[in-house]
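Worksheet: one structure, shown below.
We did not get these values from a lab; they are worked out from the coordinates using the rules stated. For clarity, every value in this text was computed on a predicted model and none was experimentally measured. No Cβ is skipped: glycine too gets one built from the backbone with ideal geometry, and neighbour counts run over all protein chains shown.
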Amino acid sequence: MIKKILMWTFGIGAVLIVGLMIAGYALEKFVLSKEAKGATITAGKTAPLTPAQVAQLVHRLKSQAPRSLYIVVDTAANRLYVKNDQTVMKEAIVSCGSGDILEEPGGKRRWVFDTPRGEFSVTSKLVNPTWIKPDWAFIEEGEKPPADYNERIDNDSLGDYALGFGAGFFIHGTLYTRLLGRNVTHGCVRVGDPDLSEIFHMIPMGSRIYIY
Amino acid sequence: MTARRILIVGAILGMTLPLSGQNKSPSAPDQKLVESELVLANRPITYMMINMRAKTIALKARGMTLKTWPIASWRIWGKSVPLKGLPLKKKSALKSPKRTNITPGKEGGANKDANTAKDALDLGVLELNDMPVHFSLDFGNGIVVSVRPKTARFWPTLVNVWKGASRIVSNPLTTVWAVFRRKSLTRIDLVLPSERDAQGLYWAYLDGHYTIIYK
């Protein structure tokens with residue numbers, strides 16, 4: 001008896017699922033994708049423009065691109081490119097953010113060491129830059145952040161040059177040249193000294209930086 | 001005789017030029033595509049453009065291409081996609097990459113110098129190799145893009161077969177459910193040529209990233 005009930009339940013369930021599948025296929029074939037036939041993508045309502053107006057739109061689109069040298073940073077490949085239009089003028093192996101997380105013991109602060117992504121611009125150009133160590137640099141070492149400002153000054157870590165791009169992030173030199181090509185930084189972009197010198201002298205203030 | 005031939009060829013060219021030249025009216029999708037991209041290019045952001053016909057995914061900013069990934073093949077199921085910038089609501093994978101928590105006072109990934117070969121390999125940091133090769137991108141309003149790589153490796157192939165088979169069952173059933181709930185449903189299946197491409201795409205996509213899908 002139980003065997004019979006189970007068989008019937010299984011049979012009805014299977015028929016129901018197959019029926020629903022057929023209904024789904026039919027819905028997709030004859031209802032949902034009907035408007036997509038030959039198009040796949042719907043343009044929606046749009047006021048028709050003349051060819052000249054469309055050409056103007058295309059021109060406006062192209063005019064958004066930087067007109068001078070700009071920097072592109074590929075954080076996955078740890079590569080930096082200096083480009084002019086679509087021409088690569090300079091390529092360098094760099095180190096980008098590690099993606100690691102640091103939490104303050106017993107505190108409420110938390111840092112994620114990612115290189116920020118998006119569009120930025122060169123906001124500062126520094127020779128022999130000094131790093132004012134933020135709180136996380138001490139917490140990471142298991143130390144208490146000092147109250148004395150002078151204890152935060154580090155003249156060695158950033159190399160010979162630094163290009164600032166906002167919120168404390170820099171493209172700068174490194175002591176850890178063995179780690180170039182790896183994601184190991186706290187968010188800054190580290191570059192080897194010869195490449196950094198070249199990039200620093202190529203790129204003017206205000207140049208755009210694209211990071212992805 | 002020669003002058004007459006030149007005249008005839010000239011007349012034919014004159015008749016065909018308006019059809020093939022600049023005077024040809026742009027189609028509505030072409031116009032809408034430029035308008036939609038211009039909206040995104042006006043902003044200081046990066047955005048994605050998935051071109052199904054050309055089989056490419058382009059990461060762009062200000063109208064210029066920063067990086068492209070090829071598409072080996074694609075398939076669409078359900079309703080058509082609106083031609084406009086769609087923000088990414090959720091990126092999900094079976095095995096999402098995990099970030100490392102630094103223990104204060106100990107040498108963490110980011111503050112460690114690689115003095116030994118072992119250290120150089122095992123830094124405990126998040127890198128491209130840690131990214132998944134199978135994932136889906138949810139753009140809301142029922143639009144989900146599934147990404148998988150072409151692969152010869154055993155486990156990814158098995159996942160590909162499983163996902164392919166489950167779609168045969170799940171797509172029709174979710175369609176019925178979506179129609180019953182009066183919801184929209186679009187499933188796009190993208191196959192990328194290699195695992196590296198899939199990992200690169202996963203890395204590049206961030207929550208909220210705008211994407212234009214077009215053909």
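Data overview
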quantity	calculated
B:K95/A:A55 FRET efficiency (R0 51 Å; Cβ-Cβ; nearest 0.05)	0.60
Added length on full extension, which subtracts the Cα-Cα distance from 0.36 nm per residue, A:S68 to A:E143	22.6 nm
Gyration tensor (alpha-carbon) shape descriptor, the range A:114-212, a/c threshold 1.5	prolate
Cα convex hull of the range A:1-158 - mean projected area over all directions, nm²	23.1
Lysine pairs in the range A:66-212 with Cα atoms under 21 Å, if 8 or more residues apart or on separate chains	6
For the protein assembly as shown, the spread of Cα positions along each principal axis, largest first, Å	98, 75, 37
Highest-fluctuation residue, A:G118, A:G107, A:G13 considered, GNM on chain A with Cα pairs under 10 Å	A:G13
Residue (of B:V145, B:P82, A:G107) at the positive-pole extreme of the protein assembly as shown, dipole from beta-carbon charges	B:P82
Residues whose placed amide H lies under 5 Å from that of A:K125, excluding near-sequence neighbours	A:G164
The range B:120-166-the range B:28-79 distance, computed between alpha-carbon centres (Å)	21
Unit charges at the beta carbon, dipole of the protein assembly as shown: most positive-side option, B:G124, A:G192, A:I5	A:I5
Check: the range B:114-215 dipole with +1 on Lys, Arg Cβ and -1 on Asp, Glu Cβ, in debye	720
Choice from A:G166, A:G187, A:G24 showing the highest fluctuation, given a GNM over chain A with Cα pairs closer than 10 Å	A:G24
Net dipole in debye of the protein assembly as shown [+1 Lys, Arg Cβ; -1 Asp, Glu Cβ; about Cα centre; nearest 20]	2920
Dipole in debye (nearest 20) - chain A, about Cα centre, beta carbon charges: Lys, Arg +1; Asp, Glu -1	1520
Of the DSSP H helices in chain A, those whose Cα atoms cover at least 20 Å axially and whose Kyte score averages 1.6 or more	A:2-27
Fluctuation leader among A:L57, A:L102, A:L32 - chain A, Gaussian network, Cα springs under 10 angstrom	A:L32
Computed FRET value (nearest 0.05) for A:K108 with A:D156, which takes r as the C-beta separation and R₀ as 45 Å	0.90
